[in-house]
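Q: Quick one: the structure is below, and I'll ask about it shortly.
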Amino acid sequence: MPKPALNATIARVTERIRSRSESTRSDYLARVHAAAAAGPARAHLTCGNQAHAYAAMGGDKEALVGGRAPNIGIVTAYNDMLSAHQPYETYPQKIKDALREIGATAQVAGGVPAMCDGVTQGQAGMELSLFSRDVIAMAAGVALSHNTFDAAIYLGVCDKIVPGLVMAAASFGHIPAVFLPAGPMTSGLPNDEKAKVRQRFAIGEADRSELMQAEMASYHGPGTCTFYGTANTNQMLMEFMGLHLPGASFVNPNTPLREALTVAGAKRAAAITALGNDFRPVGEVLDERAFVNGLVGLMATGGSTNLVLHLPAMARAAGVQLDLEDFDDISSVVPLMAKVYPNGLADVNHFHAAGGLQFMIRELLGAGLLNPEARTVSGNGLADYTREPMLKDGKLDWRDGPETTENDKILRPCGEAFALTGGLKQLNGNLGRGVIKVSAVAPERHVIEAKARIFHDQVDVKAAFQRGEFTEDTVVVVRFQGPKANGMPELHSLTPILSVLQDRGLKMALVTDGRMSGASGKVPAAIHVSPEAADAGPIARLKDGDLVRLDAVSGAIECLEADFASRQPVTADLSGNAHGIGRELFEAFRRNVGPATTGGAVVV
C-alpha cells in the first residue's frame, strides 16, 4: 500500500523549523561529524589515561584495552527516594552482564541528581526544580567527558531528568544514545478519588490522616506515578522521538518483560556504535523531524505543559530552534486521542492496556501526522514503533501492535478522537506570550473575563481562600514566579483551591509567569507568561481590580484597562528566594537564565 501523504501543516511546520534552524543545525552537525570522524576515543588515550579508566574493571580490562569491542557509558539518575528511579538500582549490573554476552563492556560513567517534584511541591526546594534540568545536563557532560565511550545509555524517567539527559546526549551527539525506562507503578487508588480527598482537605472536610491515607494508597510502589504528568509524558516523548526501544515506555518495573527490554536496549546500544555497520549517532536522530514527532505525541496524548519548556531547551542543544507557534500549529491539526488523568479517569496502565502508544503511533502514521522517515535507535524508523514487545518462550520478540482500541473511553482512533485538536494554545496580547492547555477544561470556560486579584506568592492565594475572600468571578494573577524571580516553581498546590471555587459556580482563571504541574487540569490557566515580572514584563503592570480577558479560543491574553500600557511595572523583594535549601547555590542560574519562551535554560 502507498504511504499516506504527510499532513500539509505537519510538513509546513517541519520545514519552517528546518529553515529557522539552518545555521545553528549545520554548525551543530559539523561538530558532531568532526567528533565522529576522529574514531573510537580510547584509541587516542595515553596508556596512563587508560590505566586510570580501567583500573577497577577486573575481567573486562582486556576487552577495554583492546579497543575493538564497544564500551558503553551508563549515566544513571538512580536514587531510591524517587519511586520511578528506584528500579534503576539493579540496571548497571544487568547492562554489564548483557554486554559481556556479546563481547562488549559497560561502565557507569557517572550519576546525575534527580529530585522529585512530588516531594518538593509547595516547598522551598521546588525553586531548584527547573534549574536541576540544566545541572543534570552538565553532570552528564562531566560523566561523558572522559571520552572513553562508543555509546551511552541513559537511565532516567521523571520531570527534569529526561530533558536534562537529552540535552547532554545532544551535546555528545557523535555517539549513539539509548534511553532505558523503568516503567509505571501498578495502579493504586484511582487518581480522581485522590483528587476528591485533596479538595475535601482544602475546605476542611477531611483531616490530615485521611489525606495521608489517600496519598499513600495512590503512590504505593516502585515506578512512575500513574497519572499522565510530566514523567509519563517524558516516556511517551522518548518513544515518539525514537530514543526508546519500541513499546518500552509503560511496562511495569520488576517484571520479566521489563528486564528483557533492559537487556535488549543495552545490546542495541552496542550494535549502533561506529565500530559496527549500523552507526546511529544521536545527533543525527535529534533533527527537526524527531522534535515535530515529539510535539505530535504531546498533543495527541494531552501531555504535560512542562514539555513546552523542555522541548525548546532540548532542541536548542541539537541546533534545532522551536517556537511557541510550532506548538500551536501542530496542536491545531493533531486530534486528542487519549483520556488519561487529569484529562480523564484512567491511568497510564489502563492507557497501555487499551492499546497505548503502539496503537496511537499506527493511527497517526496512517493519518499522515508523523514524519515516518525520522531516524530512531531501532532499525526502520517509526514503523517499528507500531509493534509491541512480548515474551515468546522466554525470549523477547515484537509483534504487530493493536489495530483497534480496547477501550474507547480511554483511547480512540484519529477519526473518532475526543477532540479535533491537541488542546494546547499559544497566547498573545498586551500581557505578553504564554500558553494554555484546555484539553481538560470545559468549553464554556475557554473564555474568562473578570477582575484580577494580584499575588506574589501562592501561599498568599491559599490564605485569601481560607479567609473567604473569593466571592466573585476572578482572574488570579500569581507573578514573580518566573525563572529569574525564583526558579519558576510549579504552582500545583493552587489546583485544589481554584477547583473548589470553580465547583462553587465561580468563573476562575489563573494567569502566571510561573508554571503549573503536568497534572494541571480543569481550571483555565495562562502559564509561562513572558517576559516575566522580574524582567519588567507587562504582567508586572497589573493591579487588583483590572479587567483581564483570557481567551483560549482566539489565543488572547489581555488587560482591558485604558491606561495599562502607560503604567510603570512594579518590583518585588525577592531576597527571600535567595537563601535556604540550597537556593544560594543557584544565584548564577537566576541571573543568567533565558526566557520561558525559549525553554528557561541556562546552559544552551
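Q: Any idea how far apart His52 and Glu416 come out in nm if each label point goes 7 Å out from Cα toward Cβ?
A: 6.3
Q: Over what distance in Å are the Cα centres of the range 477-538 and the range 172-248 separated?
A: Cα centroid to Cα centroid, the span is 21 Å.
Q: Among Leu542, Gly576, Val529, flag the residue with its Cα farthest along the positive direction of the charge dipole of the range 424-598, charges on Cβ as +1 for Lys/Arg and -1 for Asp/Glu.
A: Projecting each Cα onto the dipole axis, the largest value belongs to Val529.
Q: Additional query: Let me check the size of the range 424-598 from its C-alpha atoms; what are the radius of gyration and Dmax in Å?
A: Calculated on Cα positions, Rg and Dmax stand at 15.3, 45 Å.
Q: So what's the gap between the Cα centers of the range 397-432 and the range 440-467, to the nearest angstrom?
A: Their Cα centres are 28 Å away from one another.
Q: Taking the Cβ of Tyr91 as the center, what net charge do the other residues with Cβ under 12 Å away carry, scoring Lys and Arg +1 and Asp and Glu -1?
A: Working: positive: Lys94, Lys96, Arg258; negative: Glu89, Asp97, Glu259.
Neighbour charge sum, excluding Tyr91 itself: 0.
Q: Then there's this: In nm, to one decimal, how far is the modelled label at Asn380 from the one at Glu587, with both set 7 Å along Cα→Cβ?
A: 5.8
Q: Working from Cα positions, state the angle (0 to 90°, nearest 10) between the long axis of helix 208-218 and the longest principal axis of the chain.
A: With rounding to tens, the tilt is 40 degrees.
Q: So what's the angle, to the nearest 10 degrees on a 0 to 90 scale, between helix 191-202 and the longest Cα principal axis of the chain?
A: 40
Q: What percentage of all Cα-Cα pairs in the range 345-490 are separated by more than 18 Å?
A: Working: 7763 of 10585 pairs.
Value for the range 345-490 (Cα pairs over 18 Å): 73 percent.
Q: Against the longest principal axis of the chain, how steep is helix 230-240, in degrees 0 to 90 to the nearest 10, with axes from Cα atoms?
A: That helix lies at roughly 50 degrees to the long axis.
Q: Calculate, for Thr24 and Glu205, the FRET efficiency according to 1/(1 + (r/R0)^6) with r their C-beta to C-beta distance and R0 56 Å; round to the nearest 0.05.
A: Working: r = 54 Å, r/R0 = 0.96.
Plugging the Cβ-Cβ distance into 1/(1 + (r/R0)^6) gives 0.55.
Q: Once the piece of chain linking Ala565 and Ala38 is laid out straight, how much longer is it, given 0.36 nm per residue of separation minus the C-alpha distance between them? Mind dumping the intermediate values first?
A: Numbers: separation 527, 0.36 × 527 = 189.72 nm, distance 5.62 nm.
184.1 nm is the gain from fully extending Ala565 to Ala38.
Q: Share of antiparallel DSSP beta bridges in the range 424-598, in percent to the nearest 5? Write out the running numbers ahead of the final one.
A: Working: 17 of 31 bridges.
Bridges in the range 424-598 are about 55 percent antiparallel.
Q: Still on this structure: Exceeding 27 Å between C-alpha atoms, which entries from my cross-link table qualify? They are Lys196/Lys409; Lys194/Lys543; Lys194/Lys462; Lys196/Lys437; Lys194/Lys522. Each step should come with its number before you reach the end.
A: Details: Lys196/Lys409 21 Å; Lys194/Lys543 36 Å; Lys194/Lys462 20 Å; Lys196/Lys437 21 Å; Lys194/Lys522 15 Å.
From the list (Lys196/Lys409; Lys194/Lys543; Lys194/Lys462; Lys196/Lys437; Lys194/Lys522), the Cα-Cα distance tops 27 Å for Lys194/Lys543.
Q: Right, something else. Once every DSSP H run of n ≥ 4 in the chain is given -39500 (n - 2.57) and the sum is divided by its residues, what mean residue ellipticity at 222 nm do you get, rounded to the nearest 500 deg cm²/dmol?
A: On the way: 22 runs with 220 residues, N = 604.
Computed ellipticity for the chain at 222 nm equals -10500 deg cm²/dmol.
Q: Where both partners of a DSSP beta bridge lie in the chain, what percent of those bridges are antiparallel, to the nearest 5? Present the calculation step by step, with values, prior to reporting the outcome.
A: On the way: 25 of 56 bridges.
Here the share of antiparallel DSSP bridges comes out near 45 percent.
Q: How are the C-alpha pair distances of the range 92-165 spread across 10 Å bins, as whole percents from the shortest bin up?
A: 19, 40, 27, 12, 2
Q: How many angstrom lie between the C-alpha centres of the range 122-141 and the range 1-25?
A: The two parts, judged by their Cα centres, are 33 Å apart.
Q: Continuing with the same structure: Search the structure for amide H atoms under 5 Å from the amide H of Ala177, placed 1.01 Å from N in the peptide plane, and list their residues when 5 or more places away or on another chain.
A: Sorted by chain and number, the residues that satisfy this are Ala152, Val282.
Q: Mind checking the dipole of the range 424-598: about its Cα centre, +1 per Lys or Arg Cβ, -1 per Asp or Glu Cβ, Debye to the nearest 20?
A: Numbers: 21 positive and 21 negative charges, 64 e Å.
Computed about the Cα centre, the dipole is about 300 debye.
Q: Let me ask something else about it. If you count the DSSP beta bridges with both ends in the range 379-493, what percent of them are antiparallel, to the nearest 5?
A: Values: 12 of 17 bridges.
Approximately 70 percent, going by the DSSP bridge assignments.
Q: Let me ask something else. Compute the semi-axes of the equivalent ellipsoid of the range 205-278, taking the square root of 5 times each eigenvalue of the Cα gyration tensor, and list them largest first in whole Å. List each step's numbers first, then the result.
A: Numbers: eigenvalues 267, 37, 12 Å².
Over the Cα atoms of the range 205-278, the semi-axes work out to 37, 14, 8 Å.
Q: A further question on this structure: Please give the charge dipole size of the chain, origin at the Cα centre, charges +1 on K and R Cβ atoms and -1 on D and E Cβ atoms. Round to the nearest 20 debye.
A: Numbers: 56 positive and 64 negative charges, 142 e Å.
I would put it at about 680 debye.
Q: Please report the equivalent ellipsoid semi-axes of the chain, computed as sqrt(5 x eigenvalue) of the Cα gyration tensor, largest first, in whole Å. Kindly include the intermediate steps, with their values, before the conclusion.
A: Details: eigenvalues 314, 135, 115 Å².
Equivalent-ellipsoid dimensions as semi-axes: 40, 26, 24 Å.
Q: Restrict the search to the range 352-389; then list the trypsin sites (Lys or Arg not before Pro) that DSSP places in a loop and that have at most 15 other Cβ atoms within 10 Å of their Cβ. Provide the component values of the computation, followed by the final result.
A: On the way: sites: Arg362, Arg375, Arg387; in loops: Arg375.
The qualifying sites: there are none.
Q: Starting from the Cα of Lys96, draw a straight line to each of the lysines and keep only those under 21 Å, dropping any in the same chain fewer than 8 residues away.
A: Correct list for Lys96: Lys61, Lys267, Lys395.
Quick note: the coordinates plus some simple rules give every number you see, no bench work behind them. Predicted, not measured: the structure shown is a model, and the values here were computed from it. Cβ: placed from backbone, ideal geometry, glycine included. Neighbour counts: every protein chain shown.
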